[in-house]
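Just below is one structure, and these are the notes that go with it.
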Amino acid sequence: MSIPTIEQLRADAARGSVAAATAAALRLLVGRHAPFEPKEGIELLFSAAEREDPDALCQVATIRATGAFMPQSWRDALELLQHAAERGSVRAQGQLRILAHDRTSSDWGALRRRVDITAWATPPGRRSICEAPRIRAVDKFVPVAVCEWLMARGHGKYQASMMFDGQKSNFLASRTCSDFKFDIIEADCVLQVVRERVAAITGMPMAAFEPPQIFHYALGQEIKPHYDALRLGDGGYGQSGDYKGDRIATFLLYLNDDYDGGELEFPKVGLRHRGKAGDGVYFAHIDEHSVPDRKSLHAALPITRNEKFILSQWIHDRPFAASA
C-alpha cells in the first residue's frame, strides 16, 4: 500500500482533516517524504493540537520539552502530555507513567502533578575508572523502565550503521552493528530528561549534543577500535564542509544486560568495561590540555550471546550545527 504524498496530505488538511494535518506536519518538520519546511510543519501541528488531535498534542509536548523551534517549557509539555493521554495517546500515557514512576495508574492529572523534572535532571554520583583517558562510570543512571521505553522506541527502525569520513557516510567492515537515530519526531519527553541528566553529569550544554542514537548489536556484531572524532586534518565537517567543531566526549547508556561479550574496550590502556541496564559511562576524547587523547581509542567487542542495546550521546566542543 502506497503512502499518501505530501501534496495529498496538504490538500486533505486544507479540507479540514486533522489527521492529515498531523501527518503532514510530522513529515515537514524533518523533511521525510516531504521538503524540510519546519515553519509550515509547526503551523499544521499546532492547528491539529488546537483541535485536540492526540498525536499532535503528544508531539507538541515533545517540542515544548526540548525547546525545538520555540522556548522550552516543561510546564506546558507536561500539561500537553496529560491532555494527549486523556484523549487516548498511548505514547503520551506511557511517558507520563515513566516520568511519574508509576507503571499502572491511569489518573493522568495525578501522574502529571507527580512528575519532578528537577529530580530527573539531578544525576547520581559518578566514579572514576581511568584518568588517561578520562573515563567515568555512573551506576543506576536511569531506572530500567526508561531503558525499556527507549528500546521500544527503536523497535523495527534499525538500519545498518555507517561511519563518516568527514563529508559523507560509508559502510565499513569495522562497524557491523545497526542503529536508530532520534530526530524531533522520534524523540519524546522521556528521552529529553535523559539528555538533561547527561548534561548535568558531564557539565556540557545540550546545544553541544548531537542527536542521540541507539546502537543494536546482534550476535557476533561489533565495532572495531576507532576514535569518535569527526574531522581529519584541517577540513570542515558536513555536507557544506564549514563546521569546525568536533566531538570531545561520548556518553553511553546501557539499555540491557542480558548478553555476553560486548564489553567497551580501550586497547591502549588495557581496560574493559561493562555496565548493567540503566548504568552510564562516559569518556573524553581530549586530555586536560584539550589535546586529542590517543589513548581514547575504543571498541565494542563482539556479542557472544543474545543481543545488546546501548544509547549513545556524542558531545561537541561547541553548539552542534552540521548536517551529515
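The values are calculated or read from the model by the stated rules, or taken from the named source; none is laboratory data. These figures come from a predicted structure and were not determined experimentally. Because the Cβ atoms are built from the backbone with ideal geometry, glycine has one as well, and the counts that use them run over all protein chains shown.
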(request) Could you check ALA13 against (1) within 21 Å of ASP183 (Cβ to Cβ); (2) aliphatic (A, V, I, L, M); (3) buried (at least 16 other Cβ atoms within 10 Å of the Cβ) and say which number it fails? (result) (1)
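Name the one entry in ALA61, ALA34, ALA68, ALA77 that is touching a residue at least 40 places away in the same chain (Cβ under 8 Å) and either in a loop (DSSP other than H, G, I, E, B) or hydroxyl-bearing (Ser, Thr, Tyr) (or both).
The match here is ALA68.
Taking only the stretch 247-288 into account, find how many residues are within 22 Å of GLU210 (Cα to Cα), assigned to a strand (DSSP E or B) and of a type outside the set (Lys, Arg).
Step one: list which residues in the stretch 247-288 are within 22 Å of GLU210 (Cα to Cα), which gives 247-255, 264, 278-287.
Those left that are additionally assigned to a strand (DSSP E or B): 247-254, 264, 280-284, 286.
Those left that are additionally of a type outside the set (Lys, Arg): 248-254, 264, 280-284, 286.
Residues meeting the conditions: 14.
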(message) Tally up the residues in the stretch 179-228 that are farther than 23 Å from GLY156 by Cβ, of a type in the set (Lys, Arg) and either touching a strand residue (DSSP E or B) at 6+ places or on another chain (Cβ under 6 Å) or free of Cβ contacts under 8 Å to residues at least 24 places away in the same chain (or both), please.
(response) 1
(request) Please specify each residue of the stretch 265-304 satisfying the condition of being over 20 Å from the mean Cα position of the chain (by Cα) and among the hydrophobic types (A, V, I, L, M, F, W, C). (result) PHE266, VAL269, LEU271, ILE286, VAL291, LEU297, ALA299, LEU301, ILE303
(request) Test ALA119 against the stated conditions and say whether it is part of a helix (DSSP H, G or I), surrounded by fewer than 17 Cβ atoms within 10 Å (Cβ to Cβ), of a type in the set (Gly, Ala, Ser) and modelled with pLDDT of 95 or more. (result) yes
(request) Taking ARG27 as meeting all but one of (1) among the charged types (D, E, K, R); (2) within 21 Å of the chain's Cα centre (by Cα); (3) within 27 Å of PRO205 (Cα to Cα), write down the number of the exception. (result) (3)
(message) Among the listed residues GLU40, GLU7, GLU52, identify the single one that is in contact (Cβ under 8 Å) with a residue 12 or more places away in the chain and out of contact with any His (no Cβ under 8 Å at 6 or more places or on another chain).
(response) GLU40
(message) Can you tell me which of (1) within 15 Å of ARG136 (Cα to Cα); (2) surrounded by fewer than 15 Cβ atoms within 10 Å (Cβ to Cβ) is the one GLY270 doesn't meet?
(response) (1)
(message) Please determine whether any residue of the stretch 49-58 is more than 30 Å from PRO143 (Cα to Cα) and either under 22 Å from the mean Cα position of the chain (by Cα) or among the aliphatic types (A, V, I, L, M) (or both).
(response) yes
